[in-house]
1. Scan segment 173-195 and tell me whether some residue there is more than 11 Å from the ligand (Cβ to nearest atom), farther than 26 Å from GLY39 by Cα and in contact (Cβ under 8 Å) with a residue 60 or more places away in the chain.
2. Which one of these is at positive phi and modelled with pLDDT under 95: ASN29, ASN8?
3. Cβ-Cβ under 6 Å, sequence separation 6+ or interchain: first residue in segment 132-155 and over 15 Å from LYS58 (Cα atoms), partner within 11 Å of the ligand (Cβ to nearest atom) and part of a helix (DSSP H, G or I). Which pairs?
4. Is there a residue in segment 123-146 that is among the basic types (Lys, Arg) and surrounded by 14 or more Cβ atoms within 10 Å (Cβ to Cβ)?
5. If a residue has to be away from the ligand (no atom under 14 Å from the Cβ), touching a helix residue (DSSP H, G or I) at 6+ places or on another chain (Cβ under 6 Å) and charged (D, E, K, R) to count, how many in segment 80-138 make the cut?
6. Residues in segment 114-131 that are closer than 15 Å to GLU187 by Cβ and aliphatic (A, V, I, L, M): how many?
7. Would you call GLY147 within 14 Å of the ligand (Cβ to nearest atom), in contact with a strand residue (DSSP E or B) (Cβ under 8 Å, 6 or more places away or on another chain) and modelled with pLDDT of 90 or more?
8. Looking at the structure I just gave you, is PRO170 modelled with pLDDT of 95 or more, within 16 Å of the ligand (Cβ to nearest atom) and not in a helix (DSSP H, G or I)?
Amino acid sequence: MIAQLNLNTRQTYQPFYDEVASGWCVPPNPALTPEQIAGLRKDLQDMLANPACDKFTKGVLDQLGKTNPASAPFSNDALTLFDKQNGFNQLTSAPPFGQAYGTIGGNNAHINIFLPLNNATSHNAAARSMFHELVHNSPGSGGRVIGHPEMAQAAYAVAISQGYKNVPMPPVPGSKDNDFASSLYFEAREFDACRRR
Ligand SMILES: [Zn+2]
């Protein structure tokens with residue numbers, strides 16, 4: 001998608017944050033219908049019905065608030081963050097499976113998401129992608145998206161404090177490909193806590 005853009009069109013679009021396209025991107029494809037948004041909200045709710053996942057996601061958002069109080073998440077409840085989004089659009093190809101921009105505090109939080117296929121595993125994966133994006137634009141003030149390295153550090157601290165075993169160290173800040181490695185690291189910790197069992 002990025003490769004299709006020329007420099008002139010890039011400048012008219014919003015900055016997005018995700019592991020593949022952390023630059024400029026066309027707000028892609030159709031806005032989600034109310035039914036599609038309700039479906040994704042239910043996917044998220046189903047994921048959080050797993051108590052370990054609910055505890056992990058709240059722990060990550062609380063931890064980010066502690067380490068970066070100026071950009072503290074608006075809430076530690078992912079469904080509340082979902083309900084504070086200003087809009088959702090569909091990604092029609094993947095990866096990435098999600099993109100976020102804006103912040104809740106800036107009143108411009110927006111997520112683009114790849115819709116799940118019609119099976120339970122795919123719905124759970126979409127919910128995990130959704131949580132990842134909700135963390136990015138969760139700040140209730142400050143206007144700054146939360147980046148992958150911060151997310152990885154928070155996920156590590158929470159996984160250790162919540163008793164997960166064999167938790168690897170997160171990528172070293174500033175190391176090569178740190179952003180992408182941190183994104184994958186965050187997703188691995190989220191997978192441990194939130195995958196469908
Ligand atoms: Zn991301």
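The values are calculated or read from the model by the stated rules, or taken from the named source; none is laboratory data. Keep in mind that this is a model prediction, so the values were computed, not measured. Glycine also receives a Cβ, built like all others from the backbone with ideal geometry; neighbour counts cover every protein chain displayed.
1. Scanning segment 173-195, I find no residue that is more than 11 Å from the ligand (Cβ to nearest atom), farther than 26 Å from GLY39 by Cα and in contact (Cβ under 8 Å) with a residue 60 or more places away in the chain, so the answer is no.
2. ASN29
3. Going by the 6 Å Cβ cut-off, the qualifying pairs are VAL145/HIS136; ILE146/VAL135; ILE146/HIS136; HIS148/ASP179; HIS148/SER182; HIS148/SER183; PRO149/SER182.
4. yes
5. Residues that pass the stated criteria total 0.
6. 4
7. Values: within 14 Å of the ligand (Cβ to nearest atom): yes; in contact with a strand residue (DSSP E or B) (Cβ under 8 Å, 6 or more places away or on another chain): yes; modelled with pLDDT of 90 or more: yes.
It is true that GLY147 is within 14 Å of the ligand (Cβ to nearest atom), in contact with a strand residue (DSSP E or B) (Cβ under 8 Å, 6 or more places away or on another chain) and modelled with pLDDT of 90 or more.
8. When the stated conditions are applied, PRO170 passes them.
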